[in-house]
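The values are calculated or read from the model by the stated rules, or taken from the named source; none is laboratory data. This one's a predicted model, so the numbers in the text were calculated from it and none came from an experiment. In this analysis, Cβ positions are derived from the backbone assuming ideal geometry, glycine residues included, and neighbour counts consider all displayed protein chains.
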Amino acid sequence: MALITFGASPENEADELEYYVTVLEEQEREIAQETYSSLGLACAMINQNYSDWNFVDELGPKTGCSTCAAH
């Protein structure tokens, strides 16, 4: 499991956000974490290594028996 979180570091004098890609084992134990200066870089890394994503356009036209988000 991999996830992206954000935060800040006291060493960052520009007070800019940092993005952390964290790899977990069974949602409990942190295996590794890398820091990125932008969300785009963090997304590129996580997509390169864990690209088994199913993206759904929630703003697109709805299909199914109604127009609710469940379809």
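In this entry, residue 3 passes the filter for residues that are modelled with pLDDT under 90 and in contact with a strand residue (DSSP E or B) (Cβ under 6 Å, 6 or more places away or on another chain). When we screen 30, 18 for residues that are surrounded by 10 or more Cβ atoms within 10 Å (Cβ to Cβ), acidic (Asp, Glu) and at pLDDT 85 or above, the only hit is 18. Does residue 46 satisfy being at negative phi, modelled with pLDDT under 90 and among the β-branched types (Val, Ile, Thr)? Criteria met by residue 46.
Can you tell me which residue in the range 1-23 is farthest from residue 38 (Cα to Cα), limited to those that are polar (S, T, N, Q) and assigned to a strand (DSSP E or B)?
Going residue by residue through the range 1-23, those that are polar (S, T, N, Q) are 5, 9, 12, 22.
Filter once more, keeping what is assigned to a strand (DSSP E or B): 5, 22.
Values: 5: 11, 22: 15 Å.
Taking the candidates together, the pick is 22.
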